[in-house]
Amino acid sequence: MTFYLPGFRSFPKLWKSTPYFELGPATSPVSLFLAVTGNQHRWFSVKSTSLRNGKAISLLVAKARTLKKGNDSNRQVSPDHYFAAGAAKKRSQVRSNPQHRDHALPVALQLPTKPLNSEEWDKLKEDFNGKASFEDWVISQMVHRCSSIDVAKSLLAWVAAKNNGIVGYNLLVKYLSLCVSHKQTSEVIDVYEIMKAKYKCLESGANTLLIRGLIPSDRWREALLLLEDIKKVMVPSKRNYNDCIQGALLHQDVNVAWSLYQELVGHNLIPLLETLKAFFDFGKDINDDHYSNKLLDILLYLRNNQLYPGESFAHSIKAWFESIPGGQWKGQFTTIQKSGQCSSCGRTLESIHLSPEEYEFLKETIMRDVIDGGDQYKKTTPQELKRFERFVNSCPPFDIVIDGLNVAKMLPKSRESQNLLAVVSQLAQQNLQVLVLGRKHMLTASARWRRDEMEQVQRQAHCFFADNISEDDPFLLYATLNSGSHCKFITKDLMRDHKACLPDARAQHLFFKWQQGHQLAVRKGFRGSHLTLLDPLHYDTVVQTTGDSWHIPYDEDLVQRSSYEVPTKWLCLQGKTQAPGPC
């Protein structure tokens, strides 16, 4: 096997197996050489002593690279509730965030922008002041900064010249990574031939790179063989499946694509959204009821798993519906009114409120896994919980439960007791049964907690003051759920830890749905002088269908949504005539 590296004389082996990098015995005796070629443009020309000349490689157009999302700092986000997409990002702007720093280069060392000769690489190494291996550090930086392939080739040629033709496995894999990033399919195939000839098996990282690099080529089916190699030792990643599915669709093999998709979800892996998008993009050119039903199944999969397509995916869904023969469907990007009515078609979306059966299931689950079986005893005592239960049972059902300490601190420049009194008074004027949960230290007169204001709070609301070491959340959940489905609560705490304590996906989904419909948001007024209560959502934020309509919430490209937030933008799809519904 010969490697052509311009500007260098012949060396013995370029790659040589070592105990550290060898993953398996060589499949055949192979010699790797460097040779001078005057005007040769190919750096790696693979020739094996045991193989005849390989066939010419036909490059296919590689799939487009996902564009990096821009900065959303100037985008407007909905302030209507805690769970609106981008709300957490907006709230965080009032706090100082750490600056994102790039990986700094050692002082006085800049990565080259053009290929270097041996003397130039020697000089650069002399200037290197890092603790890591110079060669490993440079190739890692090249991968990180997506440097020129030619520059990386000159590095490998220099390494080979200094090491009797030997280039380590680690450098080879990182060079492969750079080739994949640049979509240099012919280079990927050359490296693949080297590794296939030299090593009996490869680790998953190299296989992953080779799968992605081979997919655009006419040798894409060999990527499926690499996927099988991964399966021998582990479950392939959803990225591995994505690349193979996209390759199958690129090469018009629909059956392989759907088979891989079923295998993916059969492993309980959540597919990448770009995988699902690829099926919709491919479906625009297919007039097949069976394929259409599979796409509708994907939409139901999004609903059942509370997944939200991105903006480009939403456009793909819209384009597919509108491509259905007969012009049966029309899509519109829209928003949903506070009442739950679609601003485009006027339909009312599904209610956020749980059914009686769902509510009882959630209540029993939280009582068992969070209140009784959680770790609340680290922050309180069984005796205090019993005291609280007796207190709750002695009171009428509450309409509102307030995390008193949390609400009191919502306006840092105002007095805590003043903030709490303002919220309680606003609710008391509506003749609501209010419970304030607090700590005993709130009853001790101080500059932040005035006695007269706390006395007014106690006259207008039921109050329970726990020990200062106690945590409020278990008390808040117990009181709210025990009062019935009408009861709402006020706190800034998003209770992600408590959601994580729930035993399964169904309980977690119902908890989040219940939380969205019952947690009141508190918004600071103009110049932060007062607090305003905002109603919770009245509609469920999941993919919805009535058979002749679909409503699909989606993420805007420039809005950073936290995991506990929901999108505020929707795709409304209306069928003009009888059209396919969910299977």
Exercise. Can you pull the accessible area of Lys330 for me, 1.4 Å probe, Å² to the nearest 10?
Worked result: 120
Exercise. Loop-only check: which trypsin sites (Lys or Arg not before Pro) in segment 184-272 are DSSP coil with at most 14 other Cβ within 10 angstrom?
Worked result: Lys200, Lys232
Exercise. What order do Leu225, Leu533 take when sorted by accessible area (1.4 Å probe), most exposed first?
Worked result: Leu225, Leu533
For this session: Would you mind computing, in nm to one decimal, how far apart the modelled labels at Asn393 and Tyr291 are, each placed 7 Å from Cα along Cα→Cβ?
Result: 6.4
Problem set entry | Length gained when the stretch Leu558-Lys413 is fully extended (0.36 nm per residue, less Cα-Cα span) | 49.0 nm
For this session: Post the alpha-carbon centroid distance, segment 300-364 to segment 544-573, in whole angstrom.
Result: 6
For this session: Determine the share of segment 398-444's accessible area contributed by carbon and sulfur atoms, expressed in whole percent, with a 1.4 angstrom probe.
Result: 46
Problem set entry | Accessible-area order (highest first, 1.4 angstrom probe) of the listed residues Cys501, Cys487 | Cys501, Cys487
Exercise. Label-point separation (nm) for Gln458 and Lys162, each offset 7 Å from Cα along Cα-to-Cβ?
Worked result: 7.7
Problem set entry | Residues Arg439 and Gln341, FRET efficiency given R0 of 45 Å [Cβ-Cβ distance, rounded to 0.05] | 0.60
For this session: Report the FRET efficiency, 1/(1 + (r/R0)^6), for Glu471 and Lys232, where r is their Cβ-Cβ distance and R0 is 51 Å, rounded to 0.05.
Result: 0.60
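Could you please put Tyr359, Tyr301 in sequence from largest to smallest accessible area, using a 1.4 Å probe?
Tyr301, Tyr359
The values are calculated or read from the model by the stated rules, or taken from the named source; none is laboratory data. The shown structure was predicted, so the numbers you read here are calculated from the model rather than taken from an experiment. Reconstructed Cβ throughout: ideal geometry from the backbone, glycine too, with neighbour counts over all protein chains shown. Areas reflect the complete protein model, heavy atoms only, side chains present, ligands, DNA and RNA absent. Shrake-Rupley method; radii C 1.70, N 1.55, O 1.52, S 1.80 Å.
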